[in-house]
1. Could you name the lysines in cross-link range of residue 4, using Cα to Cα under 26 Å and dropping any fewer than eight places away on the same chain?
2. List the trypsin sites (Lys or Arg not before Pro) in segment 84-129 that DSSP assigns to loop (not H, G, I, E or B) and whose Cβ has at most 16 other Cβ atoms within 10 Å. Which are they?
3. By how many degrees, between 0 and 90 and to the nearest 10, does the Cα long axis of helix 52-69 differ from the longest principal axis of the chain?
4. What span do the alpha-carbon atoms of segment 7-146 cover on each of the three principal axes, reported in whole Å from largest to smallest?
5. Can you put 6, 120, 156 in order of accessible area, largest first, using a 1.4 Å probe?
6. Equivalent-ellipsoid semi-axes (√(5λ), Cα gyration tensor) for segment 85-158, whole Å, largest first?
7. Lysines within cross-link reach of residue 111: Cα-Cα under 19 Å, excluding same-chain residues under 8 positions apart?
8. Within 10 Å, at most 13 other Cβ atoms, and a DSSP state outside H, G, I, E, B define an exposed site. Report the longest part of the chain free of exposed GluC sites (Glu not before Pro).
Amino acid sequence: MEEKIIESFTLDHDKVLAPYVRVIETQYSKHGDPLTNYDVRLVAPNVQEIPTAAMHTLEHLLAKYLREKLDGYIDCSPYGCRTGFHLLCWGEADPHQAASALKYALQQVLKTTWEEVPGIKRQECGNYKDHSLTGAKAWAAEILDKGISEDAFERILV
Ligand SMILES: [Zn+2]
């Protein structure tokens, strides 16, 4: 069987300039509906990684705030390396719109109270004790401070 090339593993992780949003690919259903997968990179690969509790709370908050801004939002799931997220959306690729939505979402994180974090009860989450809103806010502030680029290799800030 021919081995499928996974685009994300062909990316030179030493060349990217985080924080950024990058289009991984747009796929089309058999009916022609486009679905775009983005690389949402919050911190520089192999330089920094977000601790699990902060990453986990960011995951819950991005699910809430990206949905408010992005038409066709499907899902935003953390990378195992804890440097970013996959973002899946219906529609053609629009990295400017996705990066702008990420900026909005992180700005909202800074204003969020513990009571406003969705899905953090035992019944709602797979590891409900592993959350840090303080950490999520500190990382959101640092990422916003650096600025979010709509390009992975050039700093084009939104
Ligand atoms: Zn959870």
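1. Filter leaves 15, 30.
2. Numbers: sites: 103, 111, 121, 122, 129; in loops: 121, 129.
Those that pass, being in a loop and sparsely packed, are 121, 129.
3. Approximately 70 degrees, to the nearest ten.
4. Taking the Cα atoms of segment 7-146, the three principal extents are 41, 34, 25 Å.
5. Working: 6 90, 120 30, 156 65 Å².
From most accessible down to least: 6, 156, 120.
6. Numbers: eigenvalues 139, 52, 21 Å².
Three semi-axes, in Å: 26, 16, 10.
7. Answer for residue 111, where 19 Å is the Cα cut-off: 64, 69, 103, 137, 146, listed by chain and number.
8. 4-91
The values are calculated or read from the model by the stated rules, or taken from the named source; none is laboratory data. Fair warning: this is a prediction, and the values are worked out from it, not measured in the lab. Positions of Cβ are generated from backbone atoms using ideal geometry, with glycine treated the same way; all protein chains shown enter the neighbour counts. Just so you know, the surface numbers come from the protein's heavy atoms only, side chains and all, with ligands and any DNA or RNA stripped out. Shrake-Rupley method; radii C 1.70, N 1.55, O 1.52, S 1.80 Å.
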